[in-house]
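First up is the structure itself, then whatever we jot down about it.
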Amino acid sequence: MKKRTLITIIIALVIILSFAMFYPYKYMQTDESETQDEQENKTFILSPGQSTEINGVAFTLVKIAGDSRCPLDVTCIWAGAVTAQVSVEKGGTHAALTVTSTDTAEFTIESRSYTVSIKDVLPAKETGGEIDQKNYKITFEITKK
């Protein structure tokens, strides 16, 4: 009887210790990976009128407000810039941003701060022609601060 009780106690201790060792580790990994995912830079491409959602934040490229880029076939002193109007929304909170290709825009929504910047603009500008709004493809990058 004593031998059976001792074996039962040892098995119970092994099960309890195994659970105690691996249970917290599983949840520490999940929390850490979620935190890393939220802190990474996210890149996305939008045309005017298009939207996307990144980490629960909805982004809409409302329109291209200006394009002063130097055409490809011209030598310019200044490269110029593209200015985009962007709408940002999360949980009913809304922000309107003006983002230029030469700077970053900062915004705070639901107590979290972000920066958004323009990384690339297509198509390239050419001499003698305006680019139709629907033909723009803007690559944005968002970073959680």
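What follows draws every value from the coordinates through simple rules; no lab data is involved. As the structure is a prediction and not an experimental result, all values here were calculated from the model. When we count neighbours, we look across all protein chains shown, and the Cβ atoms used for this are built from the backbone with ideal geometry, even at glycine.
For this structure, a couple of remarks:
- Additional length obtainable on full extension of the chain from residue 145 to residue 130, 0.36 nm per residue less Cα span: 1.8 nm
- Sorted by Cβ neighbour density within 10 Å, fewest at the top, the residues 67, 132, 120: 132, 120, 67
- Think of segment 87-145 as having a plus end and a minus end, set by charges on the Cβ of Lys, Arg, Asp and Glu; of 139, 122, 101, 139 sits farthest toward the positive end of this dipole.
- Of the residues 136, 114, the one with the fewest other Cβ atoms within 10 Å heads the list, and the complete ranking is 136, 114.
- Residue list for segment 52-90, given a label point 7 angstrom along the Cα-to-Cβ vector of residue 122 and an amide N cut-off under 18 Å: 52, 61, 64, 72, 82
- For 46, 122, 61, the sequence from fewest to most other C-beta atoms within 10 Å is 122, 46, 61.
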